[in-house]
Amino acid sequence: MTSSEIKTLDASHVMQTYGRFDVAIERGEGAKLYSPEGREYVDFTSGIGVNSIGYGNTAWAEAIYAQALKLGHISNLFYTEPYARLAGELTRRSGMANVFFANAGGEANEGLIKLARKYSRDKYGDGRSTILTLRQSFHGRTVTTLAATGQEQFHRHFFPFTEGFKHIPANDIKALEAALGASAAKAASFDGTAALAPEEADGGVCAVMVELIQGEGGVLPLDRKYVTALRRICDERDVLFLADEVQTGIGRTGKLFAYQNYGVMPDAATFAKGIAGGLPMGGVLASEKCASVLGAGDHATTFGGNPIAAAAALEVLSQLSDGALDEVARKGEYIKGAIAGWGLPAVGEIRGMGLMLGVSVAGASLPKELASRCIENGLLILTAGSDALRMLPPLTISYEEIDRGLEILKGVLETA
Ligand SMILES: *Cc1c(COP(=O)(O)O)cnc(C)c1O
């Protein structure tokens with residue numbers, strides 16, 4: 001089919017929920033994509049952080065094929081090797097105790113929310129079920145994860161939402177303490193020698209859920225000081241520190257998980273986008289403290305940890321060795337340095353870590369218009385928040401592909 005035939009068929013038969021770019025993609029190789037007509041694009045999007053090991057990755061395709069021939073699916077009522085091996089790899093490299101496999105980010109976050117509420121209820125009973133999330137956050141599109149998402153634009157149309165979420169400003173320790181309630185003053189003067197008694201640690205809050213770098217919100221990294229304080233304050237009150245690593249996880253920031261860049265361990269964390277290199281998979285990792293909160297019958301999902309997705313994820317993790325992740329960090333610094341070096345007036349802040357980067361273009365044209373112009377010129381790029389272009393290239397992108405993409409970006413920003 002031609003691009004225009006695909007678009008016509010889509011327009012008549014698909015719910016038009018996506019503001020799509022005017023491009024159809026047929027195939028890819030490395031970090032390059034091709035339209036049905038053979039037009040070449042450099043890809044700085046990787047399917048929004050999903051195609052972590054690039055396109056046409058032979059070992060990945062072979063792992064999927066071999067597993068599909070052996071066993072494509074079996075219910076979670078039975079054991080399978082890819083599932084168990086993947087759990088072993090993920091816990092070893094994340095420092096977590098165990099994992100629950102789901103299919104996507106929003107679904108993983110639903111599991112995280114259930115885990116946090118049950119942890120608190122098991123220990124303290126009812127009335128301690130609120131989860132604090134940050135303004136500008138994004139946690140998913142289900143009714144509950146929309147409620148968790150701290151952006152007003154997502155809170156239209158779909159009332160009533162799930163109760164029990166409160167949004168606080170990011171990087172504001174005072175606001176965090178205030179939201180945690182009556183014991184705020186005490187926590188502020190806490191000297192680290194004794195834990196607060198459970199009855200003091202109320203405010204009805206059981207957890208604080210954050211993205212360490214807010215993705216959809218604008219590629220906004222949390223301050224190191226804030227994250228360290230968050231860890232300490234959560235410990236003092238036995239409030240869970242939950243990390244939504246759906247976008248930041250699986251090597252995106254130059255470590256397997258972004259919390260490893262911050263030198264903290266959350267109590268539980270979710271992942272999804274990049275884990276299986278293009279197949280749907282997500283999950284919840286729990287620390288020792290939270291590892292047995294969800295027991296038999298408390299949580300489940302039909303496709304979670306599907307053997308094909310698990311085999312793909314094992315191949316992704318084997319290609320994302322520690323050395324490969326160091327390279328992700330270096331490529332990120334290279335891109336940041338190159339863009340800063342242009343000295344263009346259209347370029348504001350350059351934010352992010354590893355290959356999760358945002359360029360603020362406030363004052364220049366709208367990010368969406370700039371992204372469209374990049375695409376017309378052969379570079380696929382994303383936007384984030386109200387002011388930024390967002391780059392999430394495949395983690396395996398070559399320096400040659402980076403240079404080609406940057407050349408196109410520079411051309412567009414020069415005339416912005
Ligand atoms: C994409 C994203 C989600 C939602 O993931 P889906 O797979 O689309 O459900 C949740 N949280 C963050 C941080 C994300 O980037």
Check: So what is the accessible area of the chain per residue, in Å², with the probe set to 1.4 Å?
Finding: 44 Å²
Next item on the list: Counting only DSSP beta bridges with both residues in segment 60-319, tell me the antiparallel percent, nearest 5.
Entry: 40 percent
Notebook entry, point to check: Top mean-square fluctuation among Gln214, Gln247, Gln319, Gaussian network model of the chain, C-alpha springs under 10 Å?
Noted result: Gln319
Next item on the list: Report, by chain and number, residues whose modeled amide H sits under 5 Å from the one on Met356, excluding near sequence neighbours (fewer than 5 apart, same chain).
Entry: none
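Can you give the charge dipole size of segment 60-319 about its Cα centre, rounded to the nearest 20 debye, using +1 on the beta carbon of Lys and Arg and -1 on the beta carbon of Asp and Glu?
Numbers: 25 positive and 27 negative charges, 54 e Å.
That gives segment 60-319 a dipole magnitude of about 260 debye.
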Margin query: Could you sort the peptides 273-282, 398-407 by per-residue average Cβ neighbour count (10 Å cutoff), highest mean leading?
Written below: 273-282, 398-407
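In whole percent, and with a 1.4 Å probe on the protein chains, what portion of the accessible area of the chain is carbon and sulfur? Don't jump to the answer; show the numbers that get you there.
Numbers: 9780 of 18110 Å².
It is 54 percent, rounded to a whole number.
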Notebook entry, point to check: Among Glu26, Glu110, Glu376, which one moves the most in a GNM of the chain with springs linking Cα atoms closer than 10 Å?
Noted result: Glu26
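Work out the length of the dipole vector of segment 263-372 about its Cα centre, built from +1 on the beta-carbon of each Lys and Arg and -1 on the beta-carbon of each Asp and Glu, and round it to the nearest 20 debye. Write out the running numbers ahead of the final one.
Details: 7 positive and 10 negative charges, 61 e Å.
About 300 debye.
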Check: Roughly how big is segment 1-145's charge dipole about its Cα centre, with Cβ charges of +1 (Lys, Arg) and -1 (Asp, Glu), in debye to the nearest 20?
Finding: 880 debye
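Quickly estimate the mean residue ellipticity at 222 nm for the chain, helices only: each DSSP H run with n ≥ 4 gives -39500 (n - 2.57), and the total goes over all residues, rounded to 500.
Details: 14 runs with 158 residues, N = 416.
Result for the chain: -11500 deg cm²/dmol, rounded to the nearest 500.
How far, in nm, would the chain grow between Ile48 and Asp322 when pulled straight, counting 0.36 nm per residue and subtracting the alpha carbon separation? It would help to have the intermediate numbers written out before the result.
Details: separation 274, 0.36 × 274 = 98.64 nm, distance 2.24 nm.
Stretched fully, the Ile48-Asp322 segment lengthens by 96.4 nm.
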Check: Computed on alpha carbon atoms, what radius of gyration and Dmax characterise the chain, expressed in Å?
Finding: 21.7, 68
Margin query: Let me make sure I get this right: for segment 1-99, a, b and c are the square roots of the gyration tensor eigenvalues over alpha carbons, sorted descending. Under 1.5 in a/c it's rounded, otherwise prolate if a/b > b/c, else oblate. Which is it?
Written below: prolate
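Using a ≥ b ≥ c from the Cα gyration tensor of segment 332-416 (square roots of the eigenvalues), is it rounded, prolate or oblate, where a/c under 1.5 gives rounded and otherwise the larger of a/b and b/c decides, a/b for prolate? Don't jump to the answer; show the numbers that get you there.
Details: a/c = 1.39, a/b = 1.27, b/c = 1.10.
Rounded.
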Notebook entry, point to check: Among Gly140, Gly411, Ile25, which residue has its Cα positioned farthest towards the positive end of the charge dipole of the chain, with +1 placed on the Cβ of Lys and Arg, -1 on the Cβ of Asp and Glu, and the dipole taken about the Cα centre?
Noted result: Gly140
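My understanding is that a pair violates if its Cα-Cα distance is over 23 Å; which of Lys32/Lys273; Lys118/Lys166; Lys166/Lys255; Lys273/Lys331; Lys7/Lys368 do that in this structure? Show your work: numbers first, answer last.
Working: Lys32/Lys273 19 Å; Lys118/Lys166 18 Å; Lys166/Lys255 30 Å; Lys273/Lys331 20 Å; Lys7/Lys368 20 Å.
Table pairs above 23 Å Cα-Cα are Lys166/Lys255.
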Item checked: Three principal axis lengths of segment 208-275 [C-alpha, angstrom, descending] -> 33, 20, 19
Next item on the list: Given the peptides 67-75, 263-271, arrange them by the average over their residues of other C-beta atoms within 10 Å, most packed first.
Entry: 263-271, 67-75
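The values are calculated or read from the model by the stated rules, or taken from the named source; none is laboratory data. Only a predicted model underlies this, so the values are computations on that prediction, with no experimental measurement involved. Heads up, the Cβs are rebuilt from the backbone with ideal geometry, glycines too, and the neighbour counts pull from every protein chain shown. When the accessible area is computed, the model is the full protein with side chains, heavy atoms only, and any ligands, DNA or RNA have been set aside. Shrake-Rupley method; radii C 1.70, N 1.55, O 1.52, S 1.80 Å.
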